[in-house]
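The values are calculated or read from the model by the stated rules, or taken from the named source; none is laboratory data. Here the structure is a predicted model, which means the values were calculated and not measured. Cβ coordinates were reconstructed from backbone atoms using ideal geometry, including for glycine residues, and neighbour counts include every protein chain displayed. The area values use the complete protein model at the heavy-atom level, side chains included, leaving out ligands, DNA and RNA. Shrake-Rupley method; radii C 1.70, N 1.55, O 1.52, S 1.80 Å.
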Amino acid sequence: QVLSDVFNAPVFTIDTANSACLGSAYRAIHGLVAERNVSLADVVKLAPEPRLAVTPTPGAEELYRPLLKRYAELERKVIYNPASSC
C-alpha cells in the first residue's frame with residue numbers, strides 16, 4: 001500500500017515466489033535475443049498475468065508529493081556532487 005500511496009499508482013503483483021529474479025531472467029532473455037529485434041514485450045508474453053493488489057489511498061498524493069520532490073533534490077545533490085554527501 002505504501003508504494004501505491006507514495007507513487008500515486010496502482011500496484012500489481014504476479015503469483016510467483018521471486019518476481020525480482022523472474023524479471024531479471026526476462027531481461028537476460030531479452031538481451032540474448034536483442035540482435036534479432038525481439039522486443040521486451042514479446043519476451044514477457046508468457047509471463048504470469050498480473051493482478052491488481054492495491055490502489056492509491058485518496059488524498060495520500062498530497063502528503064507524499066512534497067516528499068518526493070525533496071527526495072529528488074537530495075538524490076540530485078548526491079549524484080552530481082557525491083563528495084558533499086560523505
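Quick check: anything in region 1-14 open to solvent by 60 Å² or more (accessible area, probe 1.4 Å) and farther than 29 Å from Ala72 by Cβ? Steps first, answer last, please.
Within region 1-14, the subset open to solvent by 60 Å² or more (accessible area, probe 1.4 Å) is 1-3, 7-8, 10, 12.
When the remaining residues are screened for being farther than 29 Å from Ala72 by Cβ, the result is none.
Within region 1-14, none of the residues are open to solvent by 60 Å² or more (accessible area, probe 1.4 Å) and farther than 29 Å from Ala72 by Cβ.
If I ask for residues that are in contact with an Asp or Glu (Cβ under 7 Å, 6 or more places away or on another chain) and β-branched (Val, Ile, Thr), which ones from region 35-60 would you list? Before the answer, list the steps.
Going residue by residue through region 35-60, those that are in contact with an Asp or Glu (Cβ under 7 Å, 6 or more places away or on another chain) are 48, 56-57, 60.
Once the filter is applied, which keeps residues that are in contact with an Asp or Glu (Cβ under 7 Å, 6 or more places away or on another chain) and β-branched (Val, Ile, Thr), region 35-60 yields only Thr57.
Checking His30 against (1) touching a Leu at 6+ places or on another chain (Cβ under 7 Å); (2) outside any helix (DSSP H, G or I), which test does it fail?
With respect to (1) touching a Leu at 6+ places or on another chain (Cβ under 7 Å); (2) outside any helix (DSSP H, G or I), His30 is out only on (2).
Can you tell me which of Glu75, Glu35, Glu49, Glu61 is open to solvent by 50 Å² or more (accessible area, probe 1.4 Å), outside any helix (DSSP H, G or I) and at negative phi? Write out each step before concluding.
On the way: Glu75 fails: outside any helix (DSSP H, G or I); Glu35 fails: outside any helix (DSSP H, G or I); Glu61 fails: outside any helix (DSSP H, G or I).
Going through Glu75, Glu35, Glu49, Glu61 in turn, just one is open to solvent by 50 Å² or more (accessible area, probe 1.4 Å), outside any helix (DSSP H, G or I) and at negative phi: Glu49.
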